[in-house]
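Heads up: the structure comes next, in structure tokens.
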Amino acid sequence: MILFEKLASQVNVEKTKEVTTNRQDAMRGRVRTKLSDGEDLIINLPRGQSIGQGDIFGPSEKGDYYKILIEPELVIKVTLDKTQNNDLLEKAVKLGYNLGNRHLEVLMEDDAVFVPVTLGEEKVRKMLESMKLPIRFETVQKVISTSSAGYHPGEQEEE
């Protein structure tokens with residue numbers, strides 16, 4: 001078993017192995033996975049710390065370092081319909097208010113908002129449609145990292 005409780009301070013790039021995990025485990029700062037050689041890898045950060053995309057842990061007793069890659073997940077990409085330019089700022093504020101009022105997680109990137117479908121894709125689509133705003137949305141796969149600029153976690157309320 002390999003156990004890490006903090007990030008690596010110095011990295012030997014030649015001995016770096018990639019390990020994938022999901023965003024939820026990365027947010028908790030706790031990852032447990034089996035490596036290709038059958039050994040368990042455990043990352044257990046102090047409470048309140050999260051693991052970000054590309055974080056590196058190590059070295060192990062063998063001198064290996066482990067780079068964390070967060071798996072892509074299903075999200076809905078939301079953009080304002082720019083063909084209706086009138087009051088674009090007002091519509092953007094209303095979209096943000098509606099997403100925040102529903103305690104949804106979002107990643108804001110350029111002119112798009114990405115909403116993870118942790119509550120279910122159909123439920124999130126219905127919420128977006130009910131806002132009656134000039135928006136477009138499509139389902140895509142995307143890596144949402146806790147270290148992403150523009151990432152805002154929701155309260156994860158499930159109904």
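Mind giving me the nanometre distance, one decimal, between the label points for Glu138 and Leu74, set 7 Å out from Cα along Cα→Cβ?
Roughly 1.8 nm, to one decimal.
Long-range amide H contacts for Tyr151: which residues qualify at under 5 Å (H placed 1.01 Å from N, peptide plane, sequence gap of 5 or more or a different chain)?
It is Met108, by chain and number.
Kindly express, to the nearest 10 degrees and within the range 0 to 90, the angle between helix 121-130's C-alpha long axis and the longest C-alpha principal axis of the chain.
It is inclined by approximately 30 degrees.
Charges at C-beta only: +1 for Lys and Arg, -1 for Asp and Glu. How large is the resulting dipole of the chain about its Cα centre, in Debye rounded to 20?
The calculated dipole for the chain is roughly 140 debye.
Can you show me the helix-derived [θ] at 222 nm for the chain, built from DSSP H runs with n ≥ 4 at -39,500 (n - 2.57) apiece and divided by the number of residues, rounded to the nearest 500.
Taken over the chain, the calculation gives -5500 deg cm²/dmol.
Using only Cα atoms and rounding to the nearest 10 degrees, what angle (0 to 90) does helix 88-101 make with the longest principal axis of the chain?
So the inclination is approximately 60 degrees.
Are there trypsin sites (Lys or Arg not before Pro) in segment 1-95 that DSSP marks as loop and that have at most 14 other Cβ atoms within 10 Å, and which are they?
Passing sites in segment 1-95 are Lys6, Arg47, Lys62, Lys82.
By how many nm would the segment from Gln49 to Arg32 lengthen if fully extended, with 0.36 nm per residue of separation less the alpha-carbon distance?
4.5 nm
Any read-out appearing in this document is the output of simple, stated calculations on the displayed coordinates, not a laboratory observation. What you are looking at is a predicted structure, and each value in this text was computed from that prediction instead of being measured. Heads up, the Cβs are rebuilt from the backbone with ideal geometry, glycines too, and the neighbour counts pull from every protein chain shown.
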